[in-house]
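The values are calculated or read from the model by the stated rules, or taken from the named source; none is laboratory data. What you are looking at is a predicted structure, and each value in this text was computed from that prediction instead of being measured. Positions of Cβ are generated from backbone atoms using ideal geometry, with glycine treated the same way; all protein chains shown enter the neighbour counts. For accessibility, only protein heavy atoms count, side chains too; no ligands or nucleic acids. Shrake-Rupley method; radii C 1.70, N 1.55, O 1.52, S 1.80 Å.
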Number of protein chains: 4
Amino acid sequence: MATLAQNRYGKSRVRLSRITRLSDRHLFNEWTVHVMLEGDFAASYTDADNSNVLPTDTMKNTVYYVARRSHAQNIEAFAMELGDYLLSNHAQIAKVGIAVEEKTWERMILDGAPEATTFKLGGPELQTVRADRARGRAWQIVSGIAGLTILKTTKSAFTGYVRDKLTTLKPATDRIFGTCATVEWEYTAPAPDFAQVRAQVTAALLKTFAAHNSLSVQHTLFDMGKAALDAAPEIARIRLSMPNLHHLLANLEPFGLDNPNHIFVPIDEPHGTIEATVER
Amino acid sequence: MATLAQNRYGKSRVRLSRITRLSDRHLFNEWTVHVMLEGDFAASYTDADNSNVLPTDTMKNTVYYVARRSHAQNIEAFAMELGDYLLSNHAQIAKVGIAVEEKTWERMILDGAPEATTFKLGGPELQTVRADRARGRAWQIVSGIAGLTILKTTKSAFTGYVRDKLTTLKPATDRIFGTCATVEWEYTAPAPDFAQVRAQVTAALLKTFAAHNSLSVQHTLFDMGKAALDAAPEIARIRLSMPNLHHLLANLEPFGLDNPNHIFVPIDEPHGTIEATVER
Amino acid sequence: MATLAQNRYGKSRVRLSRITRLSDRHLFNEWTVHVMLEGDFAASYTDADNSNVLPTDTMKNTVYYVARRSHAQNIEAFAMELGDYLLSNHAQIAKVGIAVEEKTWERMILDGAPEATTFKLGGPELQTVRADRARGRAWQIVSGIAGLTILKTTKSAFTGYVRDKLTTLKPATDRIFGTCATVEWEYTAPAPDFAQVRAQVTAALLKTFAAHNSLSVQHTLFDMGKAALDAAPEIARIRLSMPNLHHLLANLEPFGLDNPNHIFVPIDEPHGTIEATVER
Amino acid sequence: MATLAQNRYGKSRVRLSRITRLSDRHLFNEWTVHVMLEGDFAASYTDADNSNVLPTDTMKNTVYYVARRSHAQNIEAFAMELGDYLLSNHAQIAKVGIAVEEKTWERMILDGAPEATTFKLGGPELQTVRADRARGRAWQIVSGIAGLTILKTTKSAFTGYVRDKLTTLKPATDRIFGTCATVEWEYTAPAPDFAQVRAQVTAALLKTFAAHNSLSVQHTLFDMGKAALDAAPEIARIRLSMPNLHHLLANLEPFGLDNPNHIFVPIDEPHGTIEATVER
């Protein structure tokens, strides 16, 4: 006999852009929103009873409806507004999960001056939030950045590791260190200034990455996490996933040329993956 | 003060292809392998001490070394061989996680006859396994299929759902039902015939999808899971994630044309997401 | 002073799916349509005069309108119907270019029997057409296949090539030959049986690829083209682009293992690219 | 009888990164290089005679060899060095085509100060060059930018277009104008300052896009091209391809809300495509 265990459903990839019209300039945001619901939905699976099912199409409409009425200035605030709307209006929902990703539209700078109404897409990173609320409980907010693509051309080494019969890697005292970092942080208290914390965490991560005398990806990852905790007292812990996007030194010996860390072969795969959570 | 909490590292996207030479034909497999380790690695993060660190480059070499010596006939067997090699040879590893994805290379059929040594890439789905083992414990094996892209042109309805002021969806008694399913199953006992179970589960999923008089994605998903449990006694539970890849009826009324379920607009986003675990 | 030279505009990526209801089964097609127009449009660029501009949104509507009324049984016929509708209804158009790509939805086979109304997405290849017509002239039709992903595990060699001081490649008498071929063919006469020619060309390409004792990608490409010309008298020429998707023999010598063409490392980049047109 | 018509071959997606060590900082470039050759290669297709075939693997080696010895400060100079090396060393080559794409690694700015050795990946656009040379002839250089993703929130209208029975688009006097532009320009004389021209062209394009009172994509495209020609006398013509990446006004009327250009639905497909060449 089969029974239904964990189940949830929702609408994914609801895209939305928003113009905020200030007196002297426009703000522009582009978000992708994901809604997931848990609750009294088992009968839709087991008995084809849709009477409690909020159509995912309606969730999409709800995203736009809430966005129009919202004054949210960041993705965290919008996620909570959207989730609370759903919880308030549909008693059969026991838990909402809202995720939002924001693209890096940057104000265009021309001749040193910011343009009031023109934007350029910046780096591949996305600003992210995952916001979950069980009915009657507090919001659980996890903010983050996905795909932060950064690279340093020096101050990176990797030596002293395990050597066995399958080792072919040569120790490196000066190598390229490139990564496409995904970072998520949780908060110590319910209502932080999300934008300020995001700015503090991001600055701490980038500064540490740049300045660090890295002896391994692990070493730098931990110190980046530590720096973020130091910079933003509002965060309780931070999780970093940092693939090692290798740039291999091109082997030019067969052609009679040296290669003193000059020409490299970047590869996407395979790549190292280093992950850890750093907390207080 | 910052402390290191959860941490792991490994090598991702190690690609490998293999020819198996039978007397009358070749077998061909293309796998992507991911290795993740947990264990006595904290000092690499906190003290830049790499003395316990097995380089991810060596993990890559290990994949090829084990593959050459292996007689594994499926990804589950290979994942376990690889993980056991790592556990046996490196005492500092407390837990290995191996994931493998296999592409759908299909033997080419020409004039009705199978080609001995020629293959064609089939559907986008990947055969998958996630295999985890803590030192001294049994293997935890989760087999699956990712991206199984299937569609039916009838026997799909969606009616009787919640209607509120944000509802614009019209009830449908005959609609297209398309999905790109990701499925994972766990086993009841340690050494099943992985290939046979995979074949049984896949057949049960496809048959149920085709035959079902679907009253919602939830309804079909549950019955697909139930059918898989019925077909393969070796599995304990099965998790299905089935996005609803919408084909919207093209609105031709403004042009004076009817559209009796003839012409549709397929969209990738937004999409419904329906997920559940079905177990005995 | 600046002048407007070549210009064209249109609508790209108009997606459409279609159910054709036969007495005993459904047919299902999913197409992506692209429309490009040339004609009396210069004033829209140079004088902001839109009076001749057919909005690209209307082109999208036209795709659905024509599809609903169409009985086209293949993408070539539909492309011509769509283009002729545009030429007939808008005198300012001097030339239409229609491109259509069709996905490989395959009828599902269960227990050896074809399902009447259920489909599974097959290989990554797309069936393609580019159809161009200048007003008052005949249609120029180029049919094709994009992304045909095939591989053979033997009967492929590469020796006897130029060797110079930058050569590190070793001659191979038995290697994997994988490609993701893109092929296009033109016709000798205006109204061939497009579906039959497509089937003949495809069969000839696949058979030759499988059977060929390849001495280079160039060698096989040419003989594939020749076979297609032999198989389908209706085609005048055929162009093939065949990347060499390398599977490199894994180097296991450092670990004391041989590797008699058993374990390989597939790579996506860099890749060889071999292109030629074969004609009568 | 089949004959070989046009043919060419080469190596695609050769990736390379380079550190240039200045006294006070590093420069970092990441390029993807493509090599295509035409010449005396017909026998490799028709007679399996590889004696003139330079392996594509050797082309890859050549890219790294030339890069190590090069002092090229831009992709145009490198493309010509690489092509000239191939022409000089292999008499059977009649024509080389080199293409290079450069990623937008930007120097990291921390607390307002540029980092000497740390970089962040910027926008999705690629700096490009296509450089072709027939033996004994001059280089033909086409520089460009691919994927320049920009958006303005006002000063964009579209009215006065053709209206017919398939028209549903409403005239817009204030809409979002987003594009992902691909631009290529040719030169009037053989040895321009490529970097300076690139900077001038890019600045002119962005300024015009931002300032323009757009009455259509065509209108803005033409004026962008005109501005580039005005800004850089060294260029002879410029080709722009500007998809119209639509942000549709969310329809909130069914929910009793207005939407004064506040909330939009961005879509990737379908999209308008507008292309033209502007020349002196």
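Rundown of residues vs (1) part of a helix (DSSP H, G or I); (2) more than 18 Å from the chain's Cα centre (by Cα); (3) hydroxyl-bearing (Ser, Thr, Tyr), yes/no style:
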residue	(1), (2), (3)
C:Thr167	no, yes, yes
C:Lys170	no, yes, no
C:Glu184	no, no, no
C:Ala191	no, yes, no
C:Val201	yes, no, no
C:Ala210	yes, yes, no
Tell me, which residue of the stretch B:249-280 that is touching a residue at least 24 places away in the same chain (Cβ under 8 Å) and in contact with a helix residue (DSSP H, G or I) (Cβ under 7 Å, 6 or more places away or on another chain) is farthest from B:Gly178 (Cα to Cα)?
-> B:Arg280
Quick one: C:Thr277 ticks every box in (1) of a type in the set (Val, Ile, Thr); (2) within 7 Å of another protein chain (Cβ to nearest Cβ); (3) crowded, with 20+ Cβ neighbours inside 10 Å bar one, so which box is it?
-> (3)
Filtered residue count, the stretch D:203-219, keeping only those that are among the hydroxyl-bearing types (Ser, Thr, Tyr) and more than 9 Å from chain C (Cβ to nearest Cβ) = 1
Answer from B:Val265, B:Val197 - the residue that is open to solvent by less than 20 Å² (accessible area, probe 1.4 Å) and either touching a Ser or Thr at 6+ places or on another chain (Cβ under 9 Å) or facing another protein chain (nearest Cβ under 7 Å) (or both) = B:Val197
Take D:Ile150 and decide whether it is out of contact with any Asp or Glu (no Cβ under 6 Å at 6 or more places or on another chain) and away from chain A (no Cβ under 14 Å).
-> no
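Going through the stretch A:137-162 one residue at a time, which ones are among the basic types (Lys, Arg) and either under 24 Å from A:Ala210 (Cα atoms) or crowded, with 18+ Cβ neighbours inside 10 Å (or both)? It would help to see each step written out before you state the result.
So the first thing to find is which residues in the stretch A:137-162 are among the basic types (Lys, Arg), and the list is A:137, A:152, A:155.
Residues satisfying the conditions are A:Lys152, A:Lys155.
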Members of the stretch A:110-136 found to be open to solvent by 40 Å² or more (accessible area, probe 1.4 Å), under 27 Å from D:Lys152 (Cβ atoms) and in a loop (DSSP other than H, G, I, E, B), listed by number | A:Asp111, A:Gly112, A:Pro124
Is it the case that A:Lys165 is open to solvent by 60 Å² or more (accessible area, probe 1.4 Å) and more than 14 Å from chain D (Cβ to nearest Cβ)?
-> yes
What are the residue pairs meeting all of these: first residue in the stretch B:62-73, first residue in contact (Cβ under 8 Å) with a residue 12 or more places away in the chain and more than 16 Å from A:Thr168 (Cα to Cα), second residue of a type in the set (Val, Ile, Thr) and crowded, with 22+ Cβ neighbours inside 10 Å, Cβ atoms under 7 Å, and 6 or more apart or on different chains?
-> B:Ala67/C:Ile263
Select from the stretch D:225-248 the residues that are assigned to a helix (DSSP H, G or I) and either over 25 Å from C:Asn52 (Cβ atoms) or touching a residue at least 40 places away in the same chain (Cβ under 8 Å) (or both) and list them in ascending order.
-> D:Gly225, D:Lys226, D:Ala228, D:Leu229, D:Asp230, D:Ala231
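Restricting to the stretch D:111-136, and then to whatever is more than 7 Å from chain A (Cβ to nearest Cβ) and β-branched (Val, Ile, Thr), can you tell me which residue is farthest from D:His90 (Cα to Cα)? Break it down stepwise before answering.
Restricting attention to the stretch D:111-136, the residues satisfying the condition of being more than 7 Å from chain A (Cβ to nearest Cβ) are D:111-114, D:116, D:125-136.
Within this subset, residues satisfying the condition of being β-branched (Val, Ile, Thr) are D:128-129.
Working: D:Thr128: 26, D:Val129: 23 Å.
Filtering the stretch D:111-136 for residues that are more than 7 Å from chain A (Cβ to nearest Cβ) and β-branched (Val, Ile, Thr), the one farthest from D:His90 (Cα to Cα) comes out as D:Thr128.
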Quickly run through the stretch D:201-225 and pick out the residues that are farther than 18 Å from D:Thr182 by Cβ and either open to solvent by 40 Å² or more (accessible area, probe 1.4 Å) or among the polar types (S, T, N, Q) (or both).
-> D:Lys207, D:Ala211, D:Asn213, D:Ser214, D:Leu215, D:Ser216
Single unsatisfied condition, B:Leu245 versus (1) surrounded by 21 or more Cβ atoms within 10 Å (Cβ to Cβ); (2) under 28 Å from B:Pro260 (Cα atoms) = (1)
Complete set of residues in the stretch D:63-81 that are closer than 15 Å to D:Ala99 by Cβ and among the polar types (S, T, N, Q) = D:Asn74
Is it the case that some residue within the stretch A:152-164 is closer than 26 Å to B:Ala5 by Cβ, assigned to a strand (DSSP E or B) and among the hydrophobic types (A, V, I, L, M, F, W, C)?
-> yes
Considering only the stretch D:82-130, how many residues are more than 20 Å from the chain's Cα centre (by Cα) and within 30 Å of D:Gly39 (Cβ to Cβ)?
-> 12
Is it the case that D:Leu206 is assigned to a helix (DSSP H, G or I) and in contact (Cβ under 8 Å) with a residue 40 or more places away in the chain?
-> yes
Do we have C:Gly178 as part of a loop (DSSP other than H, G, I, E, B), in contact (Cβ under 8 Å) with a residue 24 or more places away in the chain and open to solvent by less than 10 Å² (accessible area, probe 1.4 Å) here?
-> no
How many residues does the stretch D:222-258 hold that are more than 7 Å from every other protein chain (Cβ to nearest Cβ) and hydrophobic (A, V, I, L, M, F, W, C)?
-> 13
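Residues checked against (1) of a type in the set (Asp, Glu); (2) modelled with pLDDT of 95 or more; (3) under 30 Å from B:Thr202 (Cα atoms):
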| position | (1), (2), (3) |
| --- | --- |
| C:Glu76 | yes, yes, no |
| C:Leu86 | no, yes, no |
| C:Glu101 | yes, yes, yes |
| C:Trp105 | no, yes, yes |
| C:Ile109 | no, yes, yes |
| C:Pro114 | no, yes, yes |
| C:Thr128 | no, yes, no |
Scan the stretch C:146-202 for residues that are out of contact with any helix residue (DSSP H, G or I) (no Cβ under 7 Å at 6 or more places or on another chain), on the phi < 0 side of the Ramachandran plot and basic (Lys, Arg) and jot them down.
-> C:Arg163, C:Lys170, C:Arg175, C:Arg198
